[in-house]
Structure formats: structure tokens, C-alpha cells
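Everything on this sheet refers to the single structure shown next.
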Amino acid sequence: MREAKLLAIIRECTDAALPIPTIDDIAEQLDVANGGTVPEMFRRLADMGLIINEPFQRGRRVCLIETGKWSALPLNTAPHWRNRPKNVPSPAPAAIRTRRPDIAAEIFTEAARLGKPAVEYLADLVFLGWEVEKSRG
């Protein structure tokens with residue numbers, strides 16, 4: 001059963017406090033061709049009450065319920081796009097490029113280094129900046 005194999009991967013990561021492997025790495029370990037299958041398997045394990053799944057934009061943190069142990073956080077802890085508040089706008093890349101070409105170049109270079117579309121990376125920056133601004137009071 002693939003869910004049992006995924007649970008074993010999760011157990012290894014939580015026992016060693018390591019990050020959960022990428023969806024592609026897990027798909028390869030489970031011999032699953034469709035990358036969409038792996039997130040569905042995480043959802044099923046969570047629905048069965050076996051794990052707590054905390055998704056981020058690039059990766060996830062998982063708690064194995066039976067032990068209470070968590071995996072390490074992924075390197076990028078920007079919120080998953082589904083978890084970002086809808087009222088946080090994302091500027092158009094063209095607007096950034098027009099207003100501040102120097103900053104736009106830095107942002108787009110970093111987005112490319114992370115393997116993220118510029119629009120997603122801008123949304124992450126806006127969301128994270130908004131969270132910092134709100135914390136200032």
C-alpha cells in the first residue's frame with residue numbers, strides 16, 4: 001500500500017527531525033508517475049487522523065500523530081498560495097519593472113533562483129511584508 005510507504009517516509013523524517021522530501025522525490029520513491037497523487041495521499045493520511053499536514057509554498061511540515069514528532073520546516077516557509085489571505089494583492093511584474101527596474105531585476109533573479117514564477121514570488125513578498133507590517137502595530 002502506497003500510503004504505508006509514505007507513512008514510513010514521514011516516520012523517517014519525523015524521527016530524525018528532517019524536512020519532508022519534495023513531491024517529486026516522494027513520487028519517485030513510491031514509483032508514482034503522477035505528481036498529483038502524492039498530495040492526495042498526504043490529504044488521505046490527514047483525513048484518517050494519522051498525520052497533521054502543514055503545507056507551505058515549497059514543501060511541508062508533517063506531524064506523525066502516533067509519536068507527536070514533527071518533521072523539520074522546509075527551507076521556504078512562505079505560505080501556500082491556497083492559505084494566503086485573498087485580500088492581500090499581488091502587484092503585476094510589469095508594474096514593478098516600470099517603477100523600479102533595479103529592484104525588479106533583483107526580485108526576478110531571486111524568483112528564478114528559487115524556481116518560482118515571478119507572480120508567485122511577488123505574492124509571497126507582499127504577504128510576508130504585510131505580516132511584518134501588521135506585527136509592528
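Rounded to the nearest 20 debye, the dipole magnitude of the stretch 1-122 is 540 debye, with +1 charges on Lys and Arg beta carbons, -1 on Asp and Glu beta carbons, and the Cα centre as origin.
Estimated from the Cβ-Cβ distance and a Förster radius of 41 angstrom, the FRET efficiency linking GLU3 and GLU106 is about 0.45.
Ligands, DNA and RNA excluded, the heavy atoms of ASP124 present near 0 Å² of accessible surface to a 1.4 Å solvent probe.
Between LYS69 and LEU114, what length in nm is gained on full extension when 0.36 nm per residue of separation is reduced by their alpha carbon distance?
Numbers: separation 45, 0.36 × 45 = 16.20 nm, distance 2.82 nm.
Between LYS69 and LEU114, full extension yields 13.4 nm more.
Remark: the stretch 124-133, residue by residue, has Karplus-estimated 3J(HN,Hα) of 4, 5, 5, 4, 5, x, 5, 4, 5, 4 Hz, where x stands for each Gly or Pro and the curve is 6.51 cos²θ - 1.76 cosθ + 1.60 at θ = phi - 60°. Put simply, the amide H of ARG61, placed in the peptide plane, has neighbours under 5 Å in GLU54, PHE56, leaving out anything fewer than 5 places away on its chain.
Multiply the residue gap between ASN76 and ALA46 by 0.36 nm, knock off their C-alpha separation, and tell me the result in nm, one decimal place. Before the final figure, lay out each step's value.
Values: separation 30, 0.36 × 30 = 10.80 nm, distance 2.18 nm.
The ASN76-ALA46 span can extend by a further 8.6 nm.
For the chain, averaging the sequence separation of C-alpha pairs within contact (under 8 Å, six or more residues apart) and dividing by the residue count gives a relative contact order of 19 percent. Taking amide H atoms as placed 1.01 Å from N in the peptide plane, the amide H of ALA72 lies under 5 Å from those of LEU18, ILE20, each 5 or more residues away in sequence or on another chain. Probing with 1.4 Å while keeping every protein chain in the model, the per residue accessible area of the chain equals 62 Å².
The values are calculated or read from the model by the stated rules, or taken from the named source; none is laboratory data. Small disclaimer: the values here were computed from a predicted structure and weren't measured. Every residue, glycine as well, gets a Cβ built from its backbone with ideal geometry; the counts of neighbours run over all protein chains shown. Remember, those area values only see protein heavy atoms, side chains included, never the ligands or the DNA or RNA. Shrake-Rupley method; radii C 1.70, N 1.55, O 1.52, S 1.80 Å.
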